[in-house]
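Computed from the coordinates by the stated procedures, all read-outs in this text should not be read as laboratory data. Because the structure is predicted, anything quoted here is derived from the model rather than measured. Counting neighbours? That spans all protein chains shown, and the Cβs are built from the backbone with ideal geometry, glycine included.
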Amino acid sequence: MRSVPPVKREGGRFHGRSIFKTLRCYMSLNHLAQAARAVLQNPSQISQMLADLNRVDFANVQHKVADAMGKTTIDIMTEHSRAILRADSFDNGQVGKSDGVVV
């Protein structure tokens, strides 16, 4: 390693860290996929998840988020709608055409 110039040595370390980070991400995704597969193949667990989801009061959750952010629910919904419009305009190649839209 001493005969390798410092610039190349640092580049090698950078690429090594980058590869390690990518592998770690893939391993995490693989672990998540395996866990999800086990759950999704069990009908009783799916039923329990749906029952839990149906008990969630989304209006209350949205209100609490708005309070925590110091905004009204309407402000959050307006921002979300505008973000969707911007994303849709971007996807359709119409960037900037939704700027005058009032939601």
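Let me make sure I get this right: for region 31-72, a, b and c are the square roots of the gyration tensor eigenvalues over alpha carbons, sorted descending. Under 1.5 in a/c it's rounded, otherwise prolate if a/b > b/c, else oblate. Which is it? Please report the intermediate quantities before stating the final value.
On the way: a/c = 7.36, a/b = 2.17, b/c = 3.39.
Since a/c reaches 1.5 but b/c is at least a/b, the shape of region 31-72 is classed as oblate.
Label positions at residue 32 and residue 59, each projected 7 Å from the Cα along the C-beta direction, are separated by 3.2 nm. Applied to region 48-57, the Karplus parametrisation 6.51 cos²θ - 1.76 cosθ + 1.60 on θ = phi - 60° returns per-residue 3J(HN,Hα) values of 5, 4, 5, 5, 5, 5, 5, 7, 6, 8 Hz, with x for Gly and Pro.
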